[in-house]
Every structure is written in C-alpha cells, then in structure tokens.
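Before any comments, here is the structure.
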Amino acid sequence: MAGCCNHDTKFDGLSPQYKRALWWVIAINGIMFFIEIFAGISANSQALQADALDFLADTATYAISLLVIGKSLQLRSNAALFKGFSLSLIGCWVLLSTLYRVFVTNSPTALTMGSIGFLALAANLASLVILMKYRDGDANVRSVWLCSRNDAIGNVAVIVAAAMVWGSQSAWPDLIVAAIMASLFLSSSWQIIRQALAEKRTTTEHAEHLT
C-alpha cells in the first residue's frame, strides 16, 4: 500500500481520471455523512456517530485534495498537514466523547447500527474500488486513500459491534469500537503529517540548493 512512498517521484493527482474519481467519492461520502449522523443520533450509537464524522472528514479531505491538484508541492504538503491535524482533532473528540459515554451507557439500537453499517460499508467499498489505482502518491493523494481505508475498516467494526450489542444487550461493544476508530484516526493523521513534513523538508532543501 505504501510501496511507492520511497520513490523519488510520486503521483500528484494531476490527471482528469483522478479528478473524476474524487468527485465521485466526494458525492458518496457527503451523502453517507448525513445518513449516518442522523442514524447514529437516533440509534444512540457512538460508533455510528464516529463513523459519520469519518465520512465528513473524508468529504473535506477529498474537496481539499481536488483544490490543490496541480499546485506546488509546498502548497500540497500544507494541505496534507491541515488534513492530518484535522483528522487528529476528530480522533481526539471521538475518544473524549467515548470516555464520557462510558459513564452514560445507554445501549444503542443494534438493528439500526447493523443496517446502516452495511450500507456504509457498501459505499466505502465503492469508493475504494474507484480509488484503488491511486492509493500511492504524495501526501495529498495518500491522505485520500488512508481516509477511504479508515472508513471501510470502521464499517466492518460497526457491524461487528452491532452484533455484539444485540447479543450482549450492552453499550460496551459500541463504545469499544468508537475508541478503536478514534485510534485509527490518530494513527492515520500521524502518517499523513509525517509524510507531509518530509515533503516540506525536501522542498526547502531543494530551494536552498538552488540559491
């Protein structure tokens, strides 16, 4: 998945096919955010709400990625840094709100969790298929793939949590999955930030070498 991260030349997203792919996944993720956030609130599911925020983060990530395609490496790296820090903030919010919910353990609605989880998984698998050949590249392109991968993993986790909530009649599986998803957000944000900072250093060193 990160095979070309060690190459000197990385795909920067500058192709009509990639732009069309981004428009498709922007639409998919934007629609799923609204569906899942309302379902998460109505079902009292922290995991669904966390996954909905992941859809929102992805929508913003894809839109920013689309805007900076063809711009300088410095600008694309800055955009990736912004997305990385934003993702870490979402991860912290999900983690803190999950800790709060530990003390307010109302059991979520397992049927809604499961059905919406399957719908979200189908949407994210479609996004992954669209983005599959663009999974490697610079920090800007890489962040798109990581966010899409997060969604698919999160959806599987939500489905598993729904089954466990139904079987145990407890909110704990929902809260545990939300915490795992928060950790995934933080891990991905670190990968994005680390690659973006490396690209910024390369740009600065190149500029210094020319002067």
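The table that follows gives values for the structure above.
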read-out: Criterion (of a type outside the set (S, T, N, Q) and modelled with pLDDT of 80 or more) met by exactly one of Ala171, Ala120, Ala139; value: Ala120
read-out: Flag for Leu111 being at pLDDT 85 or above, in a helix (DSSP H, G or I) and surrounded by fewer than 20 Cβ atoms within 10 Å (Cβ to Cβ); value: no
read-out: In region 58-85, residue farthest from Val144 (Cα to Cα) [restricted to those that are not in a helix (DSSP H, G or I) and not charged (D, E, K, R)]; value: Ser72
read-out: Selected residue [modelled with pLDDT under 80 and surrounded by fewer than 18 Cβ atoms within 10 Å (Cβ to Cβ)] from Gly3, Gly30, Gly13; value: Gly3
read-out: Residues within region 110-148 that are of a type outside the set (Phe, Trp, Tyr), under 20 Å from Ser183 (Cβ atoms) and touching a Leu at 6+ places or on another chain (Cβ under 7 Å), tallied; value: 2
read-out: Breaking point among (1) surrounded by fewer than 22 Cβ atoms within 10 Å (Cβ to Cβ); (2) modelled with pLDDT under 80, for Ala152; value: (2)
read-out: Those residues of region 47-71 which are closer than 18 Å to Gly84 by Cβ, surrounded by fewer than 18 Cβ atoms within 10 Å (Cβ to Cβ) and not hydrophobic (A, V, I, L, M, F, W, C), in sequence order; value: Lys71
read-out: Criterion: at pLDDT 80 or above, within 26 Å of Ala110 (Cβ to Cβ) and surrounded by 16 or more Cβ atoms within 10 Å (Cβ to Cβ) - qualifying residue of Ala196, Ala162; value: Ala162
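The values are calculated or read from the model by the stated rules, or taken from the named source; none is laboratory data. Predicted model, so just to flag it, every value in this text is computed and none were measured. When we count neighbours, we look across all protein chains shown, and the Cβ atoms used for this are built from the backbone with ideal geometry, even at glycine.
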